[in-house]
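**Q** Sending over a structure as C-alpha cells; questions will come in a sec.
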Amino acid sequence: MTSLPTSTEKKLGLVIDLDTCVGCHACVISCKGWNTENYGAPLSDQRPYGEEPMGTFLNRVHSYEVQAEGQSAQTVHFPKSCLHCENAPCVTVCPTGASYKRAEDGIVLVNEQDCIGCGLCAWACPYGARELDQEEGVMKKCTLCVDRIYNENLPEVDRTPACVRTCPAGARHFGDFADPDSNVSKLTAERGGMDLMPELGTAPVNKYLPPRPKDSWDDESILAPFLEPVADEAKGLLGWIDKQLSRLPGDSKEEV
Amino acid sequence: MNFKQPKINTSPPVSDEIRKTTCYMCACRCGINVHMKDGKVAYIEGNRDHPVNQGVLCAKGSAGIMQVNAPSRLKKPLKRVGPRGSGEFVEISWEEAMSTAVGWLTELHETAPHKLAFFTGRDQSQSFTSFWAQNFGTPNYAAHGGFCSVNMAAGGIYTMGGAFWEFGQPDWDHTKLFMLFGVAEDHDSNPIKMGIGKIKARGAKVIGVNPVRSGYNAVADEWVGITPGTDGLFILALVHELLKAGKIDLTYLAQYTNAPALIDPNTGLLLRDDDDKVLVIDSTTGKLTPFDQKDVRPNLAASFRKAGTSYTTVMAHMIEKYLDPQYAPEAVAERCGIPAQKIKTIAAELARVAFEEAFELDQEWTDFRGETHKTMTGRPVSMHAMRGISAHSNGFQTCRALHILQIILGTVEVPGGFRFKPPYPKPLEAHPTPHGHGRPGRALDGPHLGFPRGPEDLQIEDDGTPKRIDKAFSWEHPMSAHGMMHMVISNAYAQDPYKIDTLFMYMANMSWNSSMNSKGVMEMLSARDDDGKYRIPRIIYSDAYSSEMVAYADLILPDTTYLERHDCISLLDRPICEADGAADAIRWPVIEPDRDVRGFQSVLIELASRVGLKGFMKEDGTPKWKDYADYIVNHERKPGIGPLSGFRGENGDQTGRGDVNPNQMDAYIENGGFHVHHVPDEARYYKPWNKAYQEWAVDLGLYDAPQPYLFQLYSEPMRKFQRAAEGHGDRQPPEHLRERIRTTMDPLPIWYEPLEDGQIDTNEYPIHALTQRPMAMYHSWGSQNAWLRQLHGHNPLYLPTKLWQEHGFENGDWAKVSSAHGTITVPVEHQAALNENTVWTWNAIGKRKGAWALEDNAPETKKGFLLNHLIHELLPPKGDGLRWSNSDPITGQAAWFDLRVKIEKVDAPAEAQPAFPPIDSPVEKGPSKLAWKVGK
Amino acid sequence: MHPAPSVIIFTTFSGLGFGLLAWLGFDASPAKGWAAFWWFLIAFGFACGGLISSTFHLGHPERALKAFTQWRTSWLSREGVCAVAALFVMGLYAAALIFFDTHIPHLGWIGALLSLGTVFTTSMIYAQLETIPRWNTPLTSLLYLSYAITGGALLSGRVTIALILLLITTAVQLLWWKQGDSAFADSGSTLGTATGLGDRGEVRSMAHPHTSPNYLMREFIHVIGRKHAQKLRIISLGLMAVLPVILLLLPFTHVFALLAVLSHIAGVATSRWLFFAEAEHTVGLYYGMR
Ligand SMILES: Nc1nc2c(c(=O)[nH]1)N[C@H]1C(S)=C(S)[C@@H](COP(=O)(O)OP(=O)(O)OC[C@H]3O[C@@H](n4cnc5c(=O)[nH]c(N)nc54)[C@H](O)[C@@H]3O)O[C@H]1N2
Ligand SMILES: Nc1nc2c(c(=O)[nH]1)N[C@H]1C(S)=C(S)[C@@H](COP(=O)(O)OP(=O)(O)OC[C@H]3O[C@@H](n4cnc5c(=O)[nH]c(N)nc54)[C@H](O)[C@@H]3O)O[C@H]1N2
Ligand code: SF4
Ligand code: SF4
Ligand code: SF4
Ligand code: SF4
Ligand code: SF4
Ligand SMILES: [Mo]
C-alpha cells in the first residue's frame, strides 16, 4: 500500500552543509558507483561515448549564484538527492505500491519488481529526486544506501551512505533526525538547518545548512580593523625594531 | 496501515575481495579499496587507513571503474602508416615495436645522445625516468614541471626549502585563518578539501584570493576577486602594512631567517665567514658571529662598518624597500582590483590572528643552536597557493613574496601555520645542481634538473648557447629548475639551438591540451623539410589511451592502466607524505590487462638493457632488473636507500635505510599499498631548525647529515645572476637579456607587470582569460570516462556581469574571443562572482574529433574548446629577430595566465572554432549504451 | 512538461470515449442491435485506445496489472480500477443492447457514472500534483469533465446539447488558462524557496549539475514561447469549439457533422498538447528554466 506510515521509528536522512560543499561531485560519482553495482538494476547510461550522454544519477550537484543588491555575488554548490520526505507525495501517487516509505526508518524506496515505470512519482516529487532508468524502465532514486547502512558485511564505520563516506569536505552528514541527540539533529539545530520548498508541505527529512554570512569586509559601513603604524619610514621602523629587540629578555617570546 | 513492506536484503555481500592500491585518476595519489567481484572491478572507495585521503575519494577516483573499462584504451603497439596527424596506424607486435625503438635509440646513445629528447608528462616515476635519461646520456630530459608550476616549486625552495603544492600543507588542526591564493583544485585535491572541511567545521575563516569564485573560493568567507597577475603587488601591500605597524614576528625573523644577515653593499652578497657561514651581529655581545652558534641572538637592526664599508641587515633592506609608498594599499588598489580599505582590513586580520590568537603547544623542542624551548608557539594563520600565482611571468617573484609574507608573520613551520611534508624542508644546498654535458655512449655526470646557485651552474656552452633543446638553465631562464617542456617541440622544430633526431614522450598530450598554441604544435609535429622528411625525424610516444597526441607519433608503446601495473610513489621523487609522516606507496596489478599492453617503466627497463645503458646492466652484461617491480624492490640509489622506504632490511623491519627486502612489494600490498613513518612529537614543527626532526630525517635517509638552515628572504643565487647582469664575473648574459635579468632577478621579491602586457596593446586586449581545473576531471583523461564526461561534456566561457551586459549577451550566445595570437569562437555563459575584467573556462574539456574513442559529434568536439589556441609559447615578436618564450624570465614557467583577450558577440557557428578534421581512431568506438554491473 | 504523444493521445481519446460512454449510458432510449454496436465500437475504441496508448510510456507495461492494487491512495490506480469497472459495466450494458435488444437503464447509469468517474480520476492524476501549479486546481477536473461530456455529446450526435456544452467548455478552458497563467507565481515556489537561499538575495542557476540534459530535464522542462502558446490556444479553441459550432449551426449534413467531430478532436488534442507543454514543474526551478 502506498499510504505513508503515520510515523516511523527512526527518521534517517542527510544534512548537507552548503557552507562547506565545494561542488566537487565526489558524492555524485560514488553514489553512481555504489548504486550501479548494488540495489536493483545498474544505473544505465545512454550514448556514453556519443552525443548527449545521458545517464541515471541519484544525486546531482547544482551551482547557484546568490547576489544581494550592491554586494558581491556568492557561489553556492548545491547537492540534491531524495530528501526522504515525511509527507512524501511520490509514494502516495504510486499506482503499484512499488514506492513506499519504510516504517522502521522512513527511507523512501522503490521496489523495482513492482514498478511499472509510469513516472508519476517523479512527477509528484518537487525536487527532481527520481529518475526513470532508460535501460531498465524502472524508477530509480536515492536509497539512502539502505544496503550499506545496515550491512553486516561492512565494517561498522562504513555503515553510512556512499556519498557521505566519500565527501572529501565533510559536507554531508548521515543520521537519525528522530533522535534529538544525533549529530544531524544537533547540526540542524545549531546551524539553522532548513527545508527545501517548505511551502509544499512535503516535510523533507534531509536538511540543508545555510552558508554562513560572507564578505563582511566588503561592508564599508562596518568599521574595519585597521593597523596603527609604529613608523612611517625605514629609519623609524628600524629604530623601533631595535627598541623591541633590546627589550626582549633572553629567552622569552615577544608579543608584538 | 497493514501494508506488507517488501523484505529487502540490507546486508548483501559487498564484494569477493578488496585489493588495496593507489589511485591514479590524478596525481593526488589517494589510497583506494578496489572491490572485486568475479575477478573484476566492482566498486572503488577510499582507503580509511591511508595518510592522504583517510577514506574519502573524489569523483575521479570513484569513476576509476569507467577508466579501466574505457573503449579508448590502446590495445597493441602501433606503427604509423598514414602521414603524421592522420591517426592511421597498424598494430604491430611488441617485438617489432621494441626492436624498432632499440634500433633508433642505440644509434643515438652511441653517437649523439643529445639528439634524443625524452620528456614525460603526468608521470609519477620521475626519479626512475630521469635515471634512465641520465644513463642514456642525453641532456634533454625533463618532466612537465616547467609548464606546470615550477614557479611554485622553485619560489618555495629558493626561499624556504619547500613550497606549497605538494611540499607542504596548512596545519589544518590549528589554523584559524586560512588564506588561499589562486587555487582551483591543486594536486593535494582531497587533503585540501578535507582541510577546508575541518576548519569550516571549527568555524575558522577562509579567505579566497581568486578572480573566480567557484569551488574552494565559493566556500571562502571572504572573497578577494583580484585582477590576474597582480597578486605580487597585493601581497607586498600586505607586507607594507604589516611592517609599518610592526606586526611582524621579530624573534622568528631573527632566529630562523636571513633577515639579520649583513649585506655587503659592494657586491650585494651576504657577509660570510671562512667556512662560508652567514654572519650576523649578536645582540648580546654586539659581535659578528656565525648565525648558528649557541646562544646567538641575531640583531635585525644591526649595522656594521669595516674598512669604510657599511654593512646593513637584510631586514633593513626589506624595510627600505617595502615601506616605499609604491606598495601602499592606496597605490596598488586600482591595479589589483581590491579596495585599499579591504587590503588594510586583511592585513589587520592577519596580524590579529597571528599575534593575538597566538597559542602555545605544550611540547618541548630543541633548536639547532642547542637551545631548548619549553613550548611551541602557534600562530594560527596559514596560506596556500598554486598556479593562479605561479602560472604568470611574474610568478616566481610573486611566490617568493608570498613566502616573505608568511615568514614575517612567523607562520611557517609553527603550530597553526604552514607545515612542510617530508622530505621537505630541504634547503637549497641539499638539492642538486643541473647537469647537461652529454657524451656518446656515456651516462650524464648527474641529474638533469636541479637548482642553480649562480651563473656557474647554467647549462650553456662556452659561447653561451644552451646545452638543452628546451634552453632550460640558459640565460633566457636561468633558474628553470624543472626544464621547459613547453619549448621542446617549438625549439626542435626551429632546430634552435640544434637539430634533434628522436622525440620520445610519455604521458603528455602535447598535440592538444598541454601545449600552448596547439594548432601550431600540430603543424610543427607534422612539418616536413624540403626533402620531404619530417623535421622532427622520429617520435616515440607512450600513452595508455587514444589521445590526440597518439596521432602524431611514429611508434606507440601502449601502456597499462593504473590498476594493471606496478608503480612506485617514492620518497626519492614526489611522495605521498603528510606533515606528520613520511609516506610512500605503490600500485600493483589488481587486475591483469586484457590487452597486449605493457607497463611503460618495464618497457623502459627492457629498452635500457637492450640498448646497453650501463646503470641498467650488471657487471656481466646481463640486465639488472627484469621489470619495474624488480627495480622498485632491488634498486638502491645509495647503499640502503631505494625507491621504497618501508619494510626494508632482510626481515622487513627497517624504515628508510636498510638492505633490500625481496618481499618488500608483498609487505606493501599487505599494508594497503603504502607505508607511513610518523614524525615524532617533538619534531612536528620548526622542522628546518628542530634537532629532533633533523635527526629523524637523517635516520630515515632524507638527508645524509643534519642541515638546519635559514629562510632566504634575501636570495643570494638571484643576486649572483643579477650581479652577472651588472657586468661582474666571466659568465655574462647576452646583451639583449642583460636588462631583463638585472630587473627581474631582484634578490628581494618585487612585482613587475606580466610580460605579455608589455608586449601587446592592453587597450585592444583589455580582458584577462583564464582556465580552471574542474574538480571532477583530470586534464584530458576524463572525457573517455562514461560517468565523468556527463559532468563536463563541454565548457562555456564564463563572462562577468559587466562584460555580459556591455556586449548584450544572452543565454545560448556565442562569442569570438581573440588574443594577440589567435581567435576562437565559443559558447558563453554569465557568472556574477567573477572579477569584472576576467573571463574563464574549464581546462582541457575540448577534444579533437576521432580521439578518445568518442563519436565525432560528441559535445567535447562540437561545443567544447581549448583556450590553448589563444596562448602562444612565444611572446609576440619584438622585432629584434629573437624568440621570446612566453614564460617567467627566471624559471621558464609557462605563463598560461598572462593571456589577454578581446571579445565580440557573434552568431553561433555549427561548432566551436577552430575545428579540426577528425583523426582516424586507432581503437573502436564505444558502445551506445552502458549498464555496468559485474556482480550478479 | 514534456508533451509526450502517448499521454496526449491517451487523455484526448479516453476522455472522448468515456464521455461518449456516459451519454450512451444515460440515454433513455438508446439504439439497439447493430446501430448500438457502432456507437459502442466508437466509444470503446476511443476509451480503450486511449488507455492502451497510455501504457506505451510505461517502462514495464507487462506489469500493468499491478497498477490496480493501490486504489486507496493513488489516483492513477483509481483511474485504472474505475476504467475497468466502467468498461465492464458498459460492456454488459452494451451486450444487452446489442445482442439481447434489452435496455437495462440502471446498468447504464452506473456505467455512465463510472465513465465520468474515470475521467475524473484521470483529471485528478494531474490535479493532485502540487509540483505543477497549473494543474493543481479543481478546475482541472472541471476541464477534463467538460471536455469529456462535450465531446461525448458531440460524438453521440446531440447537436443542441453539444452546442451549449461547447460554449461552456470554452468558458471553462479560458478560465483554466487564466488561472493557470498565474498559478506558478501564486504557488509561491521560487528558486529562492527551492534552495532555501531566497532570503539572501537573487538566486540564479549558474551551472547545471551535468553539461548534458537528463531524464528530469527532458520530462519536466519544456520551454514554450508565450507568443507560440497564445497562437496555439487560439487554434485550439477554434478547432475545438468555434469551427464545430459553425458547422453544427449550418444545415445538418453528415459531412459537416463528421468535420465538426474531427475538428473538435483536433482542438482537444491541441489543448492537451498545451496542457502538458505549458505546464511548469517545480523541478524546472532547480535548473533555472522551468
Ligand atoms: N589552457 C591551459 N592549458 C594547460 C594548463 C592550464 O592551466 N590551462 N595546465 C597545464 C598543466 S599545469 C599541465 S600539468 C598540463 C597537463 O597536460 P598533460 O600532461 O598533457 O595531461 P593530460 O591531458 O592528462 O595528458 C596526459 C596523457 O597521459 C595519458 N595517460 C593517462 N594515463 C596514462 C597511463 O597510465 N599511462 C600512460 N602512458 N599514459 C597515460 C593520457 O591519455 C594523456 O594523453 O596541461 C597544461 N595545459
Ligand atoms: N581535478 C583535477 N585536479 C588536478 C588537475 C586536474 O586536471 N584536475 N591537474 C593537476 C595539475 S597538473 C596541477 S598543475 C594542479 C593545478 O592546480 P591549481 O593551481 O588549482 O590549477 P588551476 O585550475 O589552473 O587553478 C588556477 C586558479 O588560479 C586562479 N587564477 C588565475 N590567475 C590568477 C591570479 O593572477 N591570481 C590569483 N589569485 N588567482 C588566479 C584561477 O581562477 C584558478 O582558480 O592541479 C592538479 N590537480
Ligand atoms: S562530495 Fe561533498 S563537497 Fe563534494 S559536491 Fe558532494 S557534498 Fe559537496
Ligand atoms: S524528495 Fe521526492 S522522491 Fe524523495 S521522498 Fe520527497 S518527494 Fe519523494
Ligand atoms: S514509476 Fe514505478 S514507483 Fe513510480 S509511480 Fe510508477 S510504478 Fe510507482
Ligand atoms: S545516500 Fe546513497 S543513494 Fe542516496 S545519494 Fe547518497 S550515495 Fe546515493
Ligand atoms: S584526488 Fe581523486 S583522482 Fe586524485 S588520487 Fe585522490 S581519489 Fe584519485
Ligand atoms: Mo600541472
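**Q** In the list A:72, A:3, A:63, A:30, which residue meets the criterion of being in a strand (DSSP E or B) and either within 9 Å of chain B (Cβ to nearest Cβ) or crowded, with 24+ Cβ neighbours inside 10 Å (or both)?
**A** One residue alone meets the criteria, A:63.
**Q** Under 8 Å by Cβ, and 6 or more places apart or on different chains, what pairs join a residue from the range B:290-313 that is closer than 17 Å to residue B:255 by Cα with one that is exposed (fewer than 13 other Cβ atoms within 10 Å of the Cβ) and acidic (Asp, Glu)?
**A** B:290/B:273; B:290/B:275
**Q** Quickly run through the range A:195-210 and pick out the residues that are at the interface with another protein chain (Cβ under 7 Å from one of its Cβ atoms), surrounded by 18 or more Cβ atoms within 10 Å (Cβ to Cβ) and not in a loop (DSSP other than H, G, I, E, B).
**A** The answer is A:200, A:208.
Residue-by-condition table, conditions (1) part of a loop (DSSP other than H, G, I, E, B); (2) over 30 Å from residue B:37 (Cβ atoms); (3) away from ligand 5 (no atom under 16 Å from the Cβ):
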site	(1), (2), (3)
B:53	yes, no, yes
B:56	yes, no, yes
B:66	no, no, yes
B:71	yes, no, yes
B:95	no, yes, yes
B:129	no, yes, yes
B:132	no, yes, yes
B:158	no, yes, yes
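**Q** Working carefully through the options A:52, A:112, find the one that is more than 28 Å from residue B:37 (Cβ to Cβ), surrounded by fewer than 24 Cβ atoms within 10 Å (Cβ to Cβ) and more than 16 Å from ligand 2 (Cβ to nearest atom).
**A** A:52
**Q** Restricting attention to the range B:218-271, which residues are assigned to a helix (DSSP H, G or I) and either among the hydroxyl-bearing types (Ser, Thr, Tyr) or more than 11 Å from chain A (Cβ to nearest Cβ) (or both)?
**A** B:231, B:232, B:233, B:234, B:235, B:236, B:237, B:239, B:251, B:252, B:256
**Q** Pick from the range B:656-677 the residues that are closer than 17 Å to residue B:50 by Cβ and more than 25 Å from the chain's Cα centre (by Cα): which of them is surrounded by the most Cβ atoms within 10 Å (Cβ to Cβ)?
**A** The initial filter retains those residues of the range B:656-677 that are closer than 17 Å to residue B:50 by Cβ, namely B:667-677.
Filter once more, so that each one left must be more than 25 Å from the chain's Cα centre (by Cα): B:667-672.
Details: B:667: 18, B:668: 27, B:669: 15, B:670: 12, B:671: 16, B:672: 21.
Selected residue: B:668.
**Q** In the range A:156-177, what count of residues is obtained for those that are part of a loop (DSSP other than H, G, I, E, B), over 11 Å from the mean Cα position of the chain (by Cα) and at the interface with chain B (Cβ under 7 Å from one of its Cβ atoms)?
**A** 1
**Q** Can we say residue A:43 is within 16 Å of ligand 5 (Cβ to nearest atom), surrounded by 24 or more Cβ atoms within 10 Å (Cβ to Cβ) and hydrophobic (A, V, I, L, M, F, W, C)?
**A** So residue A:43 fits the description; yes.
**Q** Are any of the residues in the range A:96-107 surrounded by fewer than 23 Cβ atoms within 10 Å (Cβ to Cβ), among the acidic types (Asp, Glu), within 22 Å of the chain's Cα centre (by Cα) and within 15 Å of ligand 6 (Cβ to nearest atom)?
**A** yes
**Q** Moving on. Would you check which residues across the range C:171-213 are within 28 Å of residue B:832 (Cβ to Cβ), at pLDDT 95 or above and in a loop (DSSP other than H, G, I, E, B) and list them?
**A** Once the filter is applied, which keeps residues that are within 28 Å of residue B:832 (Cβ to Cβ), at pLDDT 95 or above and in a loop (DSSP other than H, G, I, E, B), the range C:171-213 yields C:188, C:189, C:190, C:196, C:197, C:201, C:208, C:209, C:210, C:211.
**Q** Also, quick follow-up: Quick one: would you say residue B:200 is among the basic types (Lys, Arg) and within 11 Å of chain A (Cβ to nearest Cβ)?
**A** Yes, satisfied.
**Q** All but one of (1) more than 21 Å from the chain's Cα centre (by Cα); (2) more than 14 Å from every other protein chain (Cβ to nearest Cβ) hold for residue C:235, so report the exception by its number.
**A** (1) is the only condition that residue C:235 fails.
**Q** Is one or more of the residues making up the range B:524-539 assigned to a strand (DSSP E or B), closer than 27 Å to residue B:70 by Cα and either modelled with pLDDT under 95 or under 26 Å from the mean Cα position of the chain (by Cα) (or both)?
**A** Yes, because at least one residue in the range B:524-539 is assigned to a strand (DSSP E or B), closer than 27 Å to residue B:70 by Cα and either modelled with pLDDT under 95 or under 26 Å from the mean Cα position of the chain (by Cα) (or both).
**Q** Here is a follow-up. Would you confirm, using the coordinates I've provided, whether residue B:219 is surrounded by 24 or more Cβ atoms within 10 Å (Cβ to Cβ) and either closer than 29 Å to residue B:581 by Cβ or more than 20 Å from the chain's Cα centre (by Cα) (or both)?
**A** yes
**Q** Determine whether residue A:49 is within 10 Å of ligand 6 (Cβ to nearest atom), farther than 28 Å from residue C:198 by Cα, in a loop (DSSP other than H, G, I, E, B) and of a type outside the set (Val, Ile, Thr). Working first, answer last.
**A** Working: within 10 Å of ligand 6 (Cβ to nearest atom): no; farther than 28 Å from residue C:198 by Cα: yes; in a loop (DSSP other than H, G, I, E, B): yes; of a type outside the set (Val, Ile, Thr): yes.
The answer is no for residue A:49.
**Q** When residues of the range C:130-170 are filtered for being not in a helix (DSSP H, G or I) and not small (Gly, Ala, Ser), how many remain?
**A** Result for the range C:130-170: 9.
**Q** Also, I was wondering about something else. Considering only the range B:563-603, how many residues are assigned to a loop (DSSP other than H, G, I, E, B) and not small (Gly, Ala, Ser)?
**A** So the answer is 23.
**Q** Examine the range B:759-773 for a residue that is more than 14 Å from chain A (Cβ to nearest Cβ), modelled with pLDDT under 95 and in contact with a Leu (Cβ under 9 Å, 6 or more places away or on another chain), and state whether such a residue exists.
**A** yes
**Q** Among the numbered criteria (1) over 30 Å from residue B:854 (Cβ atoms); (2) touching a Lys or Arg at 6+ places or on another chain (Cβ under 9 Å); (3) within 15 Å of ligand 4 (Cβ to nearest atom); (4) more than 12 Å from chain C (Cβ to nearest Cβ), which one does residue A:35 miss?
**A** Residue A:35 satisfies every listed condition except (1).
**Q** Further question on the same structure: Determine, yes or no, whether residue A:190 is within 16 Å of ligand 4 (Cβ to nearest atom) and assigned to a helix (DSSP H, G or I).
**A** no
**Q** Looking only at the range C:166-190, count how many residues are of a type in the set (A, V, I, L, M) and crowded, with 22+ Cβ neighbours inside 10 Å.
**A** 1
**Q** Follow-up question, since we're still on this one. Answer with yes or no whether residue C:212 is in contact with a Pro (Cβ under 7 Å, 6 or more places away or on another chain) and among the polar types (S, T, N, Q).
**A** yes
**Q** Just to be sure I understand, how many residues within the range A:120-144 are at positive phi and within 7 Å of chain C (Cβ to nearest Cβ)?
**A** Residues that pass the stated criteria total 2.
**Q** Return the residues of the range B:291-314 that are more than 9 Å from chain A (Cβ to nearest Cβ) and of a type in the set (Lys, Arg); say none if nothing qualifies.
**A** Listed by number, the residues that qualify are B:294, B:305, B:306.
**Q** For the range B:182-193, state whether one or more residues are away from ligand 3 (no atom under 16 Å from the Cβ) and under 21 Å from the mean Cα position of the chain (by Cα).
**A** yes
**Q** While we're here: So, in the range B:315-334, exactly how many residues are aliphatic (A, V, I, L, M), in contact (Cβ under 8 Å) with a residue 24 or more places away in the chain and within 12 Å of chain A (Cβ to nearest Cβ)?
**A** Total meeting the criteria: 5.
**Q** I would also like to ask the following. Within the range B:823-864, which residues are closer than 20 Å to residue C:207 by Cα, within 15 Å of ligand 1 (Cβ to nearest atom) and part of a helix (DSSP H, G or I)?
**A** B:860, the sole residue that qualifies.
**Q** So for the range B:107-121 (the condition being closer than 30 Å to residue B:193 by Cβ and not polar (S, T, N, Q)), does at least one residue qualify? So that I can check it myself, show each step before the final result.
**A** Of the range B:107-121, the ones closer than 30 Å to residue B:193 by Cβ are B:120-121.
Filter once more, keeping what is not polar (S, T, N, Q): B:121.
Yes, the range B:107-121 contains a residue that is closer than 30 Å to residue B:193 by Cβ and not polar (S, T, N, Q).
The values are calculated or read from the model by the stated rules, or taken from the named source; none is laboratory data. All values reported here derive from a predicted model rather than from experimental measurement. Counting neighbours? That spans all protein chains shown, and the Cβs are built from the backbone with ideal geometry, glycine included.
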